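The values are calculated or read from the model by the stated rules, or taken from the named source; none is laboratory data. For clarity, every value in this text was computed on a predicted model and none was experimentally measured. We place every Cβ from the backbone using ideal geometry, glycine too, and count neighbours over all the protein chains shown. SASA here: full protein model, heavy atoms, side chains in, ligands and nucleic acids out. Shrake-Rupley method; radii C 1.70, N 1.55, O 1.52, S 1.80 Å.
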Amino acid sequence: MSYEPTTNKCTKPCKFGARHLQAIFLFVGMMINYFQRVNISAAIVPMTQPTAGAPYYSWDTSNKSLILSSFFWGYVVSQVPSGLLAKRFGAKYVISLSTAVGGVLCFFHPLAAEGSWIYICVLRVLTGIVQGSVYPCVHTLLSKWVPRTERGFLTTGTYSGAQFGTAVILVSSGHIFESVMGWPGLFYISGGLSVFWALLFFWQGANEPATAKYISKIEREYIENLTGSNNTGESLAIPWKSIFRSSAFYGLLAAHCGFTWGFYTLLTEIPTYMSSVLKLNVKSNALLSSLPYFAMGILCFVVSPISDLLINRGTLTVTTSRKLFNSIGQWVPMGCLIGLGYMSAKQKTEAIVLLTLAVGINAACFCGYLVNHMDLSPNFAGPMMGVTNGLAGVTSIVAPLVVGAIVSNEEDPIQWRVVFFITGGVYLVCNTIFVIFGKATVQPWNEPSNTSSTITLRNNLQIDSNTLTPKQGKEERF
């Protein structure tokens, strides 16, 4: 059976529509889910030091490293099942339930700390299990809601919620620690906001444009024509064999692993580094620890429209753009970390600037590997994210343990130098693999023959190529 190319161009709806509202919901959801994820990184310092009359505990560096890494033990194992659940039952329901459960778990952290650091580890494992649904669910939702012409901006904007969430929890934590609530208040606030958002998104969120409560016909058709989301893909068998034979998949996996190693090494260790090496007090530590993540969140909104513009004008092919921005997002931070390895307490300002750049410029990766799942396979972006995020999550377990093994004296800058050099080396190797093997074209295994959504998407790609990517032939060189 043959298909004739579509002859009518998609009519673009008004500037603000249901797709933007869904992106805002998911942005806030990312923020709040990162409250659950990051609160322990901020609280671990006052939990082990006497501050404002709150209880504190004598946990050594090894105990703290286990606490910080235990989240990822659960996070890794739930990634693929979460992607499959999102595809089977709808990502809206899975992420709403998991966020609510994670919020309830937050309430029990102060009580668990009174018992033993082991109980905290158990709670962090459980939190990791429910948090493992976040990225597969968000990717599944975005693959249904975001037209390819807006993929860089809306996807990056949504995921920037993680950085703003990290920044907000870190900057506010100092004030919470010094309040009458003490460090337990951080967990109570995180839990309450999580439950509230879960109920709101369950009420107002939608799995796809076809089931949205408030959306115009023009916008629905526009989204469906440029994503293939008119076919929900619920009944499609996931082509695991084809995915695991794809060199483009392994390039994407390498880039994801590199980002995750660097990001979570710094996320879990910046408060300790600033307190022990740079000699900052709890309040200053909280404020300055948040600065890199504010920078990253802001830069997300700088690099993403540039990426979309370069692609839509035909200046760069999609593949070239993904590789360029991912290289900026990993190789520039690599240089910053090398410089950071030579900083000491006498060079606080320089160290903070390098840390801010190392984390902030990571934003460019969001226009690189992070949207690449949707480039390769709009129908299986969620399950693919579950696989790559799960395997990359292994590095999130290993990285804090590596830091714990290397840093026996938290005040020794030379030991931290080794940590930063290793992180820079991971960035170098992983992004090189992505540059060599990465692609950003819809793969043949995205959808079986005799189905309409990929045909529609590919036909629209052909139509738009004359106006959006006139230099499409360059794609073949990569």
How much length is gained on full extension from Leu236 to Leu199, taking 0.36 nm per residue of separation minus their Cα-Cα distance?
-> 10.3 nm
Lys and Arg at +1, Asp and Glu at -1: neighbours of Gln330 with Cβ under 15 Å from its Cβ sum to +2
Using only helices, what value at 222 nm comes out for the chain when you add -39,500 (n - 2.57) per DSSP H run of length 4 or more and divide by the total residues, to the nearest 500 deg cm²/dmol?
-> -24000 deg cm²/dmol
Of the listed peptides 55-64, 38-47, what is their order by residue-averaged count of other C-beta atoms within 10 Å, with the highest listed first?
-> 38-47, 55-64
For a paramagnetic label modelled at 7 Å from the Cα of Phe301 toward its Cβ, which residues of the range 166-193 fall within the zone defined by backbone nitrogen distances under 16 Å?
-> 166-168
Carbon/sulfur fraction of accessible area - the chain, other protein chains in place, 1.4 Å, % | 66
Considering the zone a paramagnetic label at Tyr214 would reach in this model (a point 7 Å from Cα along the Cα-to-Cβ line), which residues of the range 23-41 have amide N under 17 Å from it?
-> 23-28
Expressed as a whole percent, how much of the Cα-Cα distance distribution for the range 396-436 exceeds 12 Å?
-> 63
Mind checking the alpha-carbon convex hull of the range 124-270 and giving the volume per residue in Å³?
-> 166
Counting only heavy atoms of the protein chains, get the accessible area per residue of the chain (1.4 Å probe) and round it to a whole Å² value.
-> 38
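What shape does the range 73-209 have by the C-alpha gyration tensor, where a ≥ b ≥ c are the square roots of the eigenvalues, rounded means a/c under 1.5, and otherwise prolate means a/b greater than b/c and oblate the rest?
prolate
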Taking a quarter of the surface of the Cα convex hull of the range 239-448, what do you get in nm²?
-> 11.7
Nearest 10, in degrees from 0 to 90: the angle of helix 381-406 to the longest Cα principal axis of the chain is 20
